[in-house]
Every structure is written in C-alpha cells, then in structure tokens.
Amino acid sequence: MEVSIINKIHALQNEGNCLFKANLYSEAIAQYNQALELVGQYTESDKKVQILCNRALCYLRLKNIDNTIVDCTEALKIQPKCIKALYRRAKSYELINQIELACADITKAKLLNNKNSEIDQMYRKLISQKNTKEVLQNPTSKKRLYTPLRNCLNQATKSCAVALETV
C-alpha cells in the first residue's frame, strides 16, 4: 500500500474527527466516506472498523438510525468483538424500540468489557425495559400487577389530597 494513500486516509479521518468535535456531523460523514473509499483499496481492517464506527456515531447524532445500524453491522462483520459498534448498535435498536436486539448487543458488549460504566448503565436499563415489556405482555403478570398498582394509586391520591389541604 502506498504511503501517500495511507497518509490521505489518516488525514481524512482526522478531518472527520475535527468536524465531529465541532458538531458538524454531515461534514464529518463526508470525510469518513472519502476515507472509506480509499480504505476499500486498503487491507487494514482495523482502520475500516474505526472509520465505520466514527461514521456510525455521526449518523446516531443525526438520528439516522438505519445508517447507524448498517455501519455498526458492517464493522461487526469485520471485527465481531468491536465494543463501540455493539454499544452504538444497541443504542440505535433502543431508539427504535427493538429492545431484544438492543439487549443482545449490550450483553455482548458487557461480556467483553464489564468495567465500562456506560455499558453497565445501558445494560441495566435495557434489561429492565425488556423485563417490563415481558411482564406487560403476559396477561397473568398484568393481573398480578393490577392490585398493587391500584393500591399505590389510591395511596398517592390520599397523600395528594392531604397535601392539598395544607396549602
């Protein structure tokens, strides 16, 4: 691989990173696109994964969830243990309410890096959402929840009435 092409890829990636830091996500995507065109001729897969993850984050910030998922999926085909791709794809799935898919990705990310607080926080949140969804979809669970929720609502109503009387 020519040194000039490698330098051009690095320059495009660095420019994309600077634009990202300036919150110019569309412009950063354009730089990453150019870098990926050159990386297509280049065999270093780590660099391609890095650029795909950077572009995926730009898409995520722009709420372009479909493209975020595509880039993360492509990165994971090359590097199945890429934590950034797993995390960003999980975030994307969460945003489109695909909780099961989000849980699968964040669980893999957590297994790969259980000390990352962001991953841990998202893992707990998604597992809680998944469990809540499962409970709400189960008619027996709904019945079991009805009485405690009704009691809680009655208690809150009484507390609110007492609080209003003091005002």
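Could you check region 113-141 and list, in sequence order, the residues that are outside any helix (DSSP H, G or I) and within 19 Å of Ala85 (Cα to Cα)?
Within region 113-141, Asn113, Asn114, Lys115, Asn116 qualify.
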inquiry  = Is it the case, given these coordinates, that Lys63 is open to solvent by 60 Å² or more (accessible area, probe 1.4 Å) and closer than 24 Å to Asn113 by Cα?
reply    = no
| message | For the structure I just gave you, tell me whether Lys91 is within 25 Å of Cys58 (Cα to Cα), at pLDDT 95 or above and surrounded by 13 or more Cβ atoms within 10 Å (Cβ to Cβ). | response | yes
When (1) within 30 Å of Leu126 (Cα to Cα); (2) at pLDDT below 95 are applied to Leu38, the one that fails is (1)
- For Lys110, are the conditions met, namely being in a helix (DSSP H, G or I) and open to solvent by less than 60 Å² (accessible area, probe 1.4 Å)? yes
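Mind listing whichever residues of region 113-143 are of a type in the set (A, V, I, L, M, F, W, C) and open to solvent by less than 80 Å² (accessible area, probe 1.4 Å)? Let's see the steps before the verdict.
At the first step, the residues of region 113-143 found to be of a type in the set (A, V, I, L, M, F, W, C) are 119, 122, 126-127, 135-136.
The answer is Ile119, Met122, Leu126, Ile127, Val135.
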Filtering region 78-88 down to residues that are open to solvent by less than 80 Å² (accessible area, probe 1.4 Å) and part of a helix (DSSP H, G or I) yields Ile78, Ile83, Ala85, Leu86, Tyr87, Arg88
Taking region 22-39 and keeping residues in a helix (DSSP H, G or I) and under 20 Å from the mean Cα position of the chain (by Cα) leaves Tyr25, Ser26, Ala28, Ile29, Tyr32
Say whether the condition of being closer than 30 Å to Asn131 by Cα and touching a Cys at 6+ places or on another chain (Cβ under 9 Å) is met by at least one residue in region 12-27. no
Checked against (1) open to solvent by 50 Å² or more (accessible area, probe 1.4 Å); (2) touching a residue at least 24 places away in the same chain (Cβ under 8 Å); (3) within 23 Å of Gly16 (Cβ to Cβ), Arg55 satisfies every condition except (1)
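Kindly evaluate Lys115 against the criterion of being more than 12 Å from the chain's Cα centre (by Cα) and more than 19 Å from Ala56 (Cα to Cα).
Values: more than 12 Å from the chain's Cα centre (by Cα): yes; more than 19 Å from Ala56 (Cα to Cα): yes.
Yes: the conditions hold for Lys115.
The values are calculated or read from the model by the stated rules, or taken from the named source; none is laboratory data. Small disclaimer: the values here were computed from a predicted structure and weren't measured. Backbone-built Cβ (ideal geometry, glycine too); neighbour counts: all protein chains shown. Surface areas here come from the heavy atoms of the whole protein model, side chains and all, with no ligands, DNA or RNA. Shrake-Rupley method; radii C 1.70, N 1.55, O 1.52, S 1.80 Å.
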